[in-house]
Amino acid sequence: MAPTDAFVALELPKLTTADALADWVGLSLDQLAYHSDLQNRFEEHGDMAVNHYHYHLKPKSSGGQRVIEAPKKRLKTIQRRILTGILNPVASHPDTFGFVRGRNCLDGAARHAGEQAVLCFDLKDFFPSIGYARVFGLFRYLGYPHTVARHLSAFCTNVTPSRIVEHLRPEDRPLYKTPHLPQGAPTSPSLANLLAYTLDKRLSALARSLNANFSRYADDLAFSGDSFIAATLVRTVPSIVEEEGFTLNTKKTRVTSASSRQSVTGIVVNQHLNIDRKTFDRLKAIIHACGKPEDTRLNDPAFCASLIGKLDWCERVNPGRGQKLKTLLSRSIDRKFGRDETAPSKT
């Protein structure tokens with residue numbers, strides 16, 4: 001066990017052998033070999049009961065399919081043990097706002113409010129682009145011996161079975177044919193943040209050199225400041241991203257001035273945090289429709305919970321607009337169910 005200087009002060013579990021690791025995650029040595037699946041024998045097995053993941057394909061708005069790789073119960077338990085015991089004690093970069101306790105997208109967006117220019121970049125295939133070698137390197141830097149680091153890395157990465165890969169576009173298949181961070185594993189967000197630390201550090205330094213602001217939320221990179229920063233960032237950010245082993249989705253690069261709608265992670269930031277007009281109008285229309293006698297959606301607890309959740313989010317972004325929507329909903333409920341509109345609503 002010889003962690004690098006940056007991690008030497010961390011109180012991490014002392015796992016010097018495969019036996020010690022197996023005991024720490026509550027497995028026998030045979031179970032350790034089965035769940036780490038170093039040779040990918042079990043995940044590629046034709047009997048899906050032997051596999052460690054459930055798979056779901058979801059269409060991307062930009063084209064192609066997003067692969068959701070959800071670990072089964074036992075592997076998820078192991079991954080959560082690794083997350084809480086090993087990964088959580090390692091600090092993410094202070095400009096990272098996604099998947100970090102005590103930070104959120106509102107905090108990240110707030111630093112870009114009221115600026116002349118807002119620039120947004122998107123990292124392509126953020127999770128699957130991070131491979132086994134980088135994960136293994138992190139565990140080695142944390143001080144874990146070769147054998148232990150191999151098992152830890154295998155617990156946290158996956159090779160997608162060919163029966164799933166064949167449904168993807170040819171250009172997307174190589175990432176999934178090799179060990180990568182699975183989108184759906186509890187360890188993937190934390191590992192992605194830690195392995196993007198140097199990227200965050202370089203982009204943060206670039207922003208400071210321009211007297212600009214920088215934040216990252218998962219695969220979304222955002223900069224803001226005076227209008228002159230745009231030319232330098234558009235020229236420099238792609239090269240830094242490439243040097244750090246990531247790829248930009250250039251179709252999603254946006255440069256917006258204060259005279260147009262500026263948004264960061266879907267939150268409008270022109271003068272202050274706000275929800276966009278389209279979202280507000282859509283929710284307003286839904287609330288209006290729900291109040292009609294023939295509409296039965298308010299009788300569905302799941303629909304009501306979802307709608308209230310959206311209104312709560314609007315209120316967090318913009319308290320005034322959120323409260324206005326909640327008032328409209330209360331009135332719709334009163335009209336629909338024949339309540340006295342002057343009586344206090346329970347909604």
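The values are calculated or read from the model by the stated rules, or taken from the named source; none is laboratory data. Only a predicted model underlies this, so the values are computations on that prediction, with no experimental measurement involved. No Cβ is skipped: glycine too gets one built from the backbone with ideal geometry, and neighbour counts run over all protein chains shown. What goes into the accessible areas is simple: the full protein's heavy atoms, side chains included, and nothing from ligands, DNA or RNA. Shrake-Rupley method; radii C 1.70, N 1.55, O 1.52, S 1.80 Å.
Mean residue ellipticity, 222 nm, helices only, the chain: the sum of -39500 (n - 2.57) across DSSP H runs of n ≥ 4, divided by residue count and rounded to 500, is -12500 deg cm²/dmol. For the stretch 112-174, the list of GluC sites (Glu not before Pro) that fall in a loop by DSSP and count at most 15 other C-beta atoms within 10 angstrom reads GLU166.
A DSSP coil position with no more than 14 other Cβ atoms inside 10 Å describes the following GluC sites (Glu not before Pro) in the stretch 246-347: GLU294, GLU341. Shown for the chain: the carbon plus sulfur share of the solvent-accessible area, taken with all protein chains present and a 1.4 angstrom probe, equals 52%. FRET efficiency for the ARG282 to THR236 pair, using the beta carbon distance and R₀ = 30 Å, is estimated at 0.20.
Normalised Debye scattering of the chain at q = 0.06, 0.08, 0.12 Å⁻¹ gives log10 I(q)/I(0) of -0.29, -0.51, -1.00, counting only Cα atoms as equal scatterers and leaving out solvent.
Which of rounded, prolate, oblate describes the stretch 1-83, given a ≥ b ≥ c as roots of the alpha-carbon gyration tensor eigenvalues and a/c under 1.5 marking rounded, otherwise prolate only if a/b is larger than b/c? In terms of gyration-tensor shape, oblate. Placing pseudo-labels 7 Å out from each Cα toward the beta carbon at ALA258 and SER28 gives an inter-label distance of 6.9 nm.
For the chain, report the accessible area per residue in Å² (1.4 Å probe, heavy atoms, rounded to an integer). Write down the numbers at each step before the final one.
Details: 17500 Å² over 347 residues.
Per residue, the chain has 50 Å² of solvent-accessible surface.
Mean-square fluctuations from a GNM of the chain, with a 10 angstrom spring cutoff on Cα atoms, peak among SER61, SER215, SER224 at SER61.
For labels at PHE42 and ALA9 in the simple 7 Å Cα→Cβ model, what's the distance in nm? Result: 3.9 nm between the two label points.
Net length available on complete extension from LYS324 to THR250 is 22.9 nm, with 0.36 nm assigned per residue and the Cα-Cα distance removed. For LYS124, the solvent-accessible surface computed with a 1.4 Å probe is close to 90 Å², ligands and nucleic acids excluded. Using alpha carbons only, the radius of gyration of the stretch 77-179 set against its Kirkwood radius gives Rg/Rh = 1.05. The magnitude of the dipole of the stretch 220-260, with charges of +1 and -1 set on the Cβ of Lys/Arg and Asp/Glu and taken from the Cα centre, is near 240 debye. Remark: relative contact order (the stretch 62-153) = 15 percent; criterion is Cα-Cα distance under 8 angstrom and separation of 6 or more residues.
Which order do TRP24, TRP313 take when ranked by solvent-accessible area (1.4 Å probe, heavy atoms of all protein chains), largest first? The partial results should precede the final answer.
On the way: TRP24 40, TRP313 90 Å².
The residues order as TRP313, TRP24, largest area first.
Using a 10 angstrom cutoff on alpha carbons, build the Gaussian network for the chain and name the most mobile of ALA20, ALA192, ALA222. Fluctuation is largest for ALA20. Placing dummy labels 7 Å off each Cα toward the beta-carbon, the span from ALA70 to ALA133 is 3.3 nm. For SER263, the amide hydrogen comes within under 5 Å of the amide hydrogens of VAL269, counting only partners 5 or more places away or on other chains and with H modelled in the peptide plane. If you run the Gaussian network model on the chain, springs between alpha carbon atoms under 10 Å, then out of GLN39, GLN79, GLN116 the most flexible one is GLN39.
In a reduced charge model with +1 at each Lys and Arg Cβ and -1 at each Asp and Glu Cβ, the stretch 256-340 shows a dipole moment near 200 debye about its Cα centre.
Among ILE68, ILE78, what's the order by accessible area (1.4 angstrom probe), most exposed first? The partial results should precede the final answer.
Values: ILE68 35, ILE78 5 Å².
If we order ILE68, ILE78 from most to least accessible, we get ILE68, ILE78.
Stretched out straight at 0.36 nm per residue, the stretch from ASP226 to CYS304 would grow longer than its current Cα-Cα span by 23.8 nm. In this Cβ point-charge picture (+1 for Lys and Arg, -1 for Asp and Glu), the chain has a dipole of about 960 debye about its Cα centre.
The alpha-carbon of LYS326 sits under 23 angstrom from the alpha-carbons of these lysines, leaving out residues fewer than 8 places away in its chain: LYS278, LYS284, LYS292, LYS310, LYS336, LYS346. Just check the stretch 1-148 against the gyration tensor rule for me: Cα atoms, a ≥ b ≥ c as the square roots of the eigenvalues, rounded for a/c under 1.5, and otherwise prolate or oblate depending on whether a/b exceeds b/c. Cα axes put the stretch 1-148 in the oblate bin. With the largest listed first and rounded to whole Å, the semi-axes of the equivalent ellipsoid of the stretch 231-328 from the Cα gyration tensor are 38, 16, 11.
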